[in-house]
Amino acid sequence: MPQATQVTAPIGVFDSGVGGLSVLRALLAELPHERFIYVADSGFAPYGTQSEAYVVERSLHIAHWLAEQHRTKALVVACNTATAAAIQQLRQGFAHMPLVGMEPPIKPAAALSRTGVVGVLATRVTLASHKFQHLLERMPGTVRYRLQPCDGLVEAIERQDATKIRALCAHYTAALGQFGHDNGAIDTLVLGCTHYPFVADVLRDCVGPEVRLIDAGQPVARHTHHLLATHQPLLLSTAPMTSGTVPLGQRVDFYTSGQPAELDQAVQRWLGLDAKAQALTPTAAHTD
Ligand code: DGL
């Protein structure tokens with residue numbers, strides 16, 4: 001049942017794990033007067049090698065929990081895999097709420113590519129999804145896309161296993177073919193999973209400095225801003241929540257179905273914030 005939404009209500013953001021922090025970073029910069037609830041479903045990650053039904057169930061579960069426990073005024077699905085598998089069901093279940101999903105940014109990549117060859121790294125579920133295949137079909141035939149599912153990379157990033165991260169990045173970029181500006185080489189690489197921006201340096205070492213890496217964090221943040229401002233003007237906070245400056249760390253409450261200490265470390269490492277993540281207990285969540 002739709003509830004009356006408060007302008008000061010938080011925006012819900014979720015991912016299968018810590019990857020969505022790359023989107024949260026952009027949201028915090030784009031929407032300086034908003035509060036956020038971030039959910040990392042690390043206890044159930046990775047999503048990208050599971051069935052679509054599994055990802056739909058987890059996504060609905062978290063979206064219900066956010067709406068019921070925190071009365072969120074908007075939802076950002078900071079996960080390409082969850083968007084590919086579950087955005088339709090989420091839109092049906094939360095028709096009253098502004099909802100932003102994400103997809104691998106292959107269109108801007110095509111516009112930037114000079115060689116006309118674009119590489120796409122993403123999860124298996126994302127690349128196999130009807131949604132992504134449909135997106136590919138609508139792209140101009142002048143650009144070729146090389147697609148590479150990256151099994152294991154999300155787990156390695158979740159565990160911060162540097163050796164594994166390096167080995168997998170080298171393996172998957174080598175599998176895509178030649179990179180650079182020569183004819184037929186890939187000059188633009190799409191990071192089609194929100195975990196991958198956190199290993200951008202490693203990927204850059206593998207493909208060379210002249211290759212452009214593209215992710216969708218900033219465009220998604222801008223789209224969220226636009227959606228709140230244009231379609232739901234009463235939902236966009238335009239002033240700080242309290243008088244004075246609200247410290248960045250106090251603008252987000254973090255929850256995880258994994259280990260809170262691990263999320264705290266990731267938040268410190270990648271956002272430079274002190275977090276006190278709380279457990280997303282199964283009993284506190286929707287059980288449909
Ligand atoms: N960050 C998720 C994405 O953007 C990772 C999915 C997974 O858990 O495999 O696709």
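Within the option set ARG25, ARG35, ARG114, being modelled with pLDDT under 95 and among the basic types (Lys, Arg) holds for one residue only, ARG35.
Kindly indicate which of ALA78, ALA63, ALA53, ALA45 is free of Cβ contacts under 8 Å to residues at least 60 places away in the same chain and surrounded by 24 or more Cβ atoms within 10 Å (Cβ to Cβ).
After applying the criteria, what remains is ALA63.
This table checks each residue for (1) within 30 Å of GLN89 (Cα to Cα); (2) surrounded by 14 or more Cβ atoms within 10 Å (Cβ to Cβ).
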| position | (1), (2) |
| --- | --- |
| VAL117 | no, yes |
| HIS130 | yes, no |
| HIS134 | yes, no |
| GLU137 | yes, no |
| GLY141 | no, no |
| TYR145 | yes, yes |
| GLN148 | yes, yes |
| CYS169 | no, yes |
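Listed conditions (1) open to solvent by 10 Å² or more (accessible area, probe 1.4 Å); (2) at pLDDT below 95 are all met by LYS73, apart from (1). Scanning the stretch 131-154 for residues that are assigned to a helix (DSSP H, G or I) and either within 12 Å of PRO104 (Cβ to Cβ) or free of Cβ contacts under 8 Å to residues at least 24 places away in the same chain (or both) gives LYS131, PHE132, GLN133, HIS134, LEU135, LEU136, GLU137. Take the conditions (1) within 14 Å of the ligand (Cβ to nearest atom); (2) open to solvent by 70 Å² or more (accessible area, probe 1.4 Å); (3) of a type outside the set (Gly, Ala, Ser); GLU158 misses just one of them, which is (2). Filtering ALA200, ALA175 for residues that are farther than 30 Å from VAL13 by Cβ, open to solvent by 10 Å² or more (accessible area, probe 1.4 Å) and among the hydrophobic types (A, V, I, L, M, F, W, C) leaves a single hit, ALA175. Restricting attention to the stretch 5-40, the residues that are more than 16 Å from the ligand (Cβ to nearest atom), assigned to a loop (DSSP other than H, G, I, E, B) and buried (at least 24 other Cβ atoms within 10 Å of the Cβ) add up to 1. The residues of the stretch 58-108 that are part of a loop (DSSP other than H, G, I, E, B) and within 16 Å of the ligand (Cβ to nearest atom), listed by number, are ALA78, CYS79, GLY101, MET102, GLU103, PRO104, PRO105. Taken together, the criteria exclude VAL211 from residues that are within 24 Å of ALA84 (Cα to Cα), in contact with a strand residue (DSSP E or B) (Cβ under 8 Å, 6 or more places away or on another chain), of a type in the set (Val, Ile, Thr) and surrounded by 15 or more Cβ atoms within 10 Å (Cβ to Cβ). Here ARG91 fulfils each of the conditions (1) more than 13 Å from the chain's Cα centre (by Cα); (2) under 27 Å from VAL202 (Cβ atoms); (3) surrounded by fewer than 23 Cβ atoms within 10 Å (Cβ to Cβ) apart from (2). For the stretch 262-288, a tally of residues being in a helix (DSSP H, G or I), modelled with pLDDT of 90 or more and open to solvent by 60 Å² or more (accessible area, probe 1.4 Å) returns 4.
Could you tell me how many of the residues in the stretch 155-186 are on the phi > 0 side of the Ramachandran plot and in a helix (DSSP H, G or I)? I'd like the intermediate steps shown before the answer.
So the first thing to find is which residues in the stretch 155-186 are on the phi > 0 side of the Ramachandran plot, and the list is 160, 177, 180, 184.
Then keep just the ones that are in a helix (DSSP H, G or I); that gives none.
The total comes to 0.
How many residues are in a helix (DSSP H, G or I) and not basic (Lys, Arg) if we restrict to the stretch 188-225? Spell out how you get there, then give the answer.
Residues of the stretch 188-225 in a helix (DSSP H, G or I): 196-207, 217-225.
Then drop every residue that is not not basic (Lys, Arg), which leaves 196-203, 205-207, 217-221, 223-225.
Residues flagged as in a helix (DSSP H, G or I) and not basic (Lys, Arg) within the stretch 188-225 amount to 19.
The values are calculated or read from the model by the stated rules, or taken from the named source; none is laboratory data. Because the structure is a prediction, the values reported are computed rather than measured. For neighbour counting, all protein chains shown are included, and Cβ atoms are generated from backbone atoms with ideal geometry for every residue, glycine included. The protein model used for the area step is the full one, side chains on, heavy atoms only, and it has no ligands, DNA or RNA in it. Shrake-Rupley method; radii C 1.70, N 1.55, O 1.52, S 1.80 Å.
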